[in-house]
1. Which condition does C:Ser136 not pass, out of (1) of a type outside the set (D, E, K, R); (2) open to solvent by less than 20 Å² (accessible area, probe 1.4 Å); (3) at pLDDT below 95, if it passes all the others?
2. Could you figure out which of (1) within 14 Å of chain C (Cβ to nearest Cβ); (2) touching a residue at least 40 places away in the same chain (Cβ under 8 Å) isn't true of B:Asp200?
3. Can you name the number of the only condition in (1) within 14 Å of chain D (Cβ to nearest Cβ); (2) buried (at least 22 other Cβ atoms within 10 Å of the Cβ); (3) modelled with pLDDT under 95 that A:Asn43 fails?
4. Taking segment D:197-206, which residues are acidic (Asp, Glu) and open to solvent by less than 50 Å² (accessible area, probe 1.4 Å)?
5. Confirm whether C:Leu118 is closer than 25 Å to C:Asn62 by Cα, open to solvent by 10 Å² or more (accessible area, probe 1.4 Å) and not acidic (Asp, Glu).
6. Can you pull out the residues in segment A:193-211 that are β-branched (Val, Ile, Thr) and touching an Asp or Glu at 6+ places or on another chain (Cβ under 8 Å)?
7. What pairs come up if the first residue lies in segment C:130-155 and is within 16 Å of C:Glu240 (Cα to Cα), the second is surrounded by 24 or more Cβ atoms within 10 Å (Cβ to Cβ) and hydroxyl-bearing (Ser, Thr, Tyr), and their beta carbons are under 6 Å apart, counting only those six or more places apart or on different chains?
8. Write out, first by first residue and then by second, each pair whose Cβ atoms fall under 8 Å of each other, whose residues are 6+ apart or on separate chains, and whose first residue, in segment D:16-43, is more than 12 Å from D:Ser54 (Cα to Cα) while the second is part of a helix (DSSP H, G or I) and open to solvent by 30 Å² or more (accessible area, probe 1.4 Å).
Protein chains: 4
Amino acid sequence: MSAPCHCSAPKANIPALDDKYLSDDPAHPANLICELCRLFYDNNWVTGTGGGISIRDVKGENPNLVYIAPSGIQKERLQPWEMFVVDLNGEKLLRTPNECPQELTKSYKYKPSACTPLFMSCYTMREAGACIHTHSQSAVMCTLLWGDKVEFEISHIEQIKALPQLKLNESTSKIEKVGSMQYYDKLVIPIIENTPHEEDLTDSLQEAIRNYPGTTAVLVRRHGIYVWGEDVWKAKVYNEALDYLLELAVKMKTAGMDTVRK
Amino acid sequence: MSAPCHCSAPKANIPALDDKYLSDDPAHPANLICELCRLFYDNNWVTGTGGGISIRDVKGENPNLVYIAPSGIQKERLQPWEMFVVDLNGEKLLRTPNECPQELTKSYKYKPSACTPLFMSCYTMREAGACIHTHSQSAVMCTLLWGDKVEFEISHIEQIKALPQLKLNESTSKIEKVGSMQYYDKLVIPIIENTPHEEDLTDSLQEAIRNYPGTTAVLVRRHGIYVWGEDVWKAKVYNEALDYLLELAVKMKTAGMDTVRK
Amino acid sequence: MSAPCHCSAPKANIPALDDKYLSDDPAHPANLICELCRLFYDNNWVTGTGGGISIRDVKGENPNLVYIAPSGIQKERLQPWEMFVVDLNGEKLLRTPNECPQELTKSYKYKPSACTPLFMSCYTMREAGACIHTHSQSAVMCTLLWGDKVEFEISHIEQIKALPQLKLNESTSKIEKVGSMQYYDKLVIPIIENTPHEEDLTDSLQEAIRNYPGTTAVLVRRHGIYVWGEDVWKAKVYNEALDYLLELAVKMKTAGMDTVRK
Amino acid sequence: MSAPCHCSAPKANIPALDDKYLSDDPAHPANLICELCRLFYDNNWVTGTGGGISIRDVKGENPNLVYIAPSGIQKERLQPWEMFVVDLNGEKLLRTPNECPQELTKSYKYKPSACTPLFMSCYTMREAGACIHTHSQSAVMCTLLWGDKVEFEISHIEQIKALPQLKLNESTSKIEKVGSMQYYDKLVIPIIENTPHEEDLTDSLQEAIRNYPGTTAVLVRRHGIYVWGEDVWKAKVYNEALDYLLELAVKMKTAGMDTVRK
């Protein structure tokens, strides 16, 4: 599956709800979640209701507002009014789509994405502006081809330069972007083991985030990948570049090549 | 082939026929069949006139009305007025596209999909709301890679959770959905042998449905897959999740991996 | 490459030329050639100006009019007024795009497709209604994987049923369609050797057409495939079904399987 | 990723800037860069902000004007007003998007593509009309599969005929197109080694251009490909045909076949 259609910008077809979490602006988080989910669906990353996405309104009035897609919904058919909104301060639920007029939701009982605690970890531990979770087959295949490893590694591929160089700022104890990775750098993505319930991944995801200060993503064995970035477009670009590298890595490994150049 | 275009909802361009089986509502079964066939075509599931789909009007006035695409037609070019309509009670034919005005059909002689008795089996034995049949190459390849087996098996892949947990209700003798499959569950899809005539698959399909109360799909060797669900969107999601798993299974098997984790 | 966009029927945007070989009707041969070339481009069948298509106006006033796409042009950007038109009776050139107003063609010097004599062979020897020529990689790979053979063979795949059962009518000496191929039939497509100049393929293509009365296609080694049918939609469906089978055959052969079931 | 949507020509949605480097004409270089970047994105050639493109305004008033996409930007979301414009005579910067009104650029700090010196080499050494740079995975895989070689070679594939036959004109000392390559010709593309900084590729790219007067492209190991042509459409067609051949070459090599017929 693939190929977004760029022929017309998806219009935010918002009913006249008295709802401060909706907007006509295509760059509003609720609208971007819908647009990106269609793109991800076409890449076979979120088919079968899989995967998810969350955006923090980093450029809005309250940069602590987090928009989260609901769970178990066909991602390519999401509508802006189907989002949950949470305030990062205290993780207070500000909006649920279950309060929408019935003609919009057909009384569907929404639940926030099962990835919510994982997304929250990226926001609080890394001050991310957006988190993407896909079931990309290239990601799953890499966790299988590197089945006895807890790290995926690749080096000396130009596309690595699309990923951020991250570093601990010792004075603030925060991870900061200090530039881009270099061609000759070795990209290392931790792989954590899957759990029966998605929320149970939280501890190992947090541990991986702590142990790998240089990473902007975590692979989950037999499951997929979590990617975050400073804002939604960075997260989208990092995820795209990572998926390119994972796809290439499957081809290299299958052809008997090492992904790390000695 | 791939990539549905989401940029504008396909409009039901219905001529002013005095026909109670047509509607302007995009969610009407006749319109959804057209929309989904375009999507399936883009996934290479129904090219060359292959495959088919049928929807029961579970939310309409008469939930026993079944809409069926015609046989041997280019699926991506179907129009809403080309459907057959059958009443499940007695399997009475209520509508045939052969009665449409000539300017719409060019006097084409339509036949109902050759899958009709197979679709009917899903409706009557499982109270399905929709049935999808594709010639997915991942499905065909799995039946070939598991060439000496009568079951396809996979376990410990996150995407399995998109599939339903089905169970026999002993008091009603009906198969009921009791939840979703778990990550660690083993998904088992029966494989039946193909027959020269599609309708001759009916007996073995029914036998597989009886013998596998937990399945929502049947693979047909060297042919494709049948998938059903409680309503059209569930059937679409199950088919999508299954195809993802079948595609992944081909990659795993080709790379020498078992699809069932010991 | 892939995925036609079905969201809006491509409109025939015809300037008001006094040209009887142009029409507003989307089903007009000049318009269909453009529509199908876009579809074929998206399937990676005619990228890099490769491939071609020709349609005979079998339902028009003069069923001997043949529309032919020009040579060496980007197929996905063709316009209806860029076609050549030939009368099959005597192969007289009735229309050339070189006479179009300069603002439409920018004084480009058009040549008819190099496939023209090959298309003509299909029209005269088989009374085809349309001919399609692609550089499909599945076709090329099959001619390489069957590198020491002059026939490609496959059997016992459901999709074979989309292809026509052809038979010599002894009283008229014409090849006629007598039904569809069966699941258990062995599909045999002759493979001819490529030549430096496309027109030099004519003799061996004609010989293959004569020697294989049951075929509706000819493979060209290291080059692609020619497919024809009774009308443009049949040719499109046959080509689609054949490409599905060639793609599957590459997968089967690569996995060490025979494409013909013993 | 794949599949451009051809259903409506992308409209140049130009704000009423007083800017002589913008135009409503879809064939204007700034607009074509945007259109082609969307197409390349759908082919997975420029995802993750990778790759680039530059067009010389060969049919405009000043054929020495060169339009260059900015660096590090999502290529599929480029807008016409985000281009740099350089005069080839003296390489004077005539336009930078950094002077655009803030509402268009959000004060983003643009840099010209890191490929700029490489593009310039193609313009000055070969009088190219356009240069395309992609991170095509088929290109990267060929540089890996031909890992100990400094040339990629393929022969006897029909698609080779889409590439130009180039020859040194001894009287003018310029490389000129004298026709098309033949089916039996051996296509040779030099492979240069990647460097940490893209601009450091300039010397080896120039050396390859000098040493391979017959080539219209240079592969960069573990990175991608540079392709140029007499004008933007030729460059697009050459790149498309080359990528087809590189994709096929990966399949042939993986299947154990030589890409050059003895």
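1. In the conditions (1) of a type outside the set (D, E, K, R); (2) open to solvent by less than 20 Å² (accessible area, probe 1.4 Å); (3) at pLDDT below 95, C:Ser136 misses (3) alone.
2. (2)
3. All conditions are met except number (3).
4. Residue satisfying the conditions is D:Glu198 alone.
5. For C:Leu118, the condition - closer than 25 Å to C:Asn62 by Cα, open to solvent by 10 Å² or more (accessible area, probe 1.4 Å) and not acidic (Asp, Glu) - is not met.
6. Residues satisfying the conditions do not exist here.
7. Filtered contacts from segment C:130-155: C:Cys131/C:Ser54; C:His133/C:Tyr226.
8. D:Pro26/D:Glu35
The values are calculated or read from the model by the stated rules, or taken from the named source; none is laboratory data. This is a predicted model, so every value here is computed, not measured. Backbone-built Cβ (ideal geometry, glycine too); neighbour counts: all protein chains shown. Areas reflect the complete protein model, heavy atoms only, side chains present, ligands, DNA and RNA absent. Shrake-Rupley method; radii C 1.70, N 1.55, O 1.52, S 1.80 Å.
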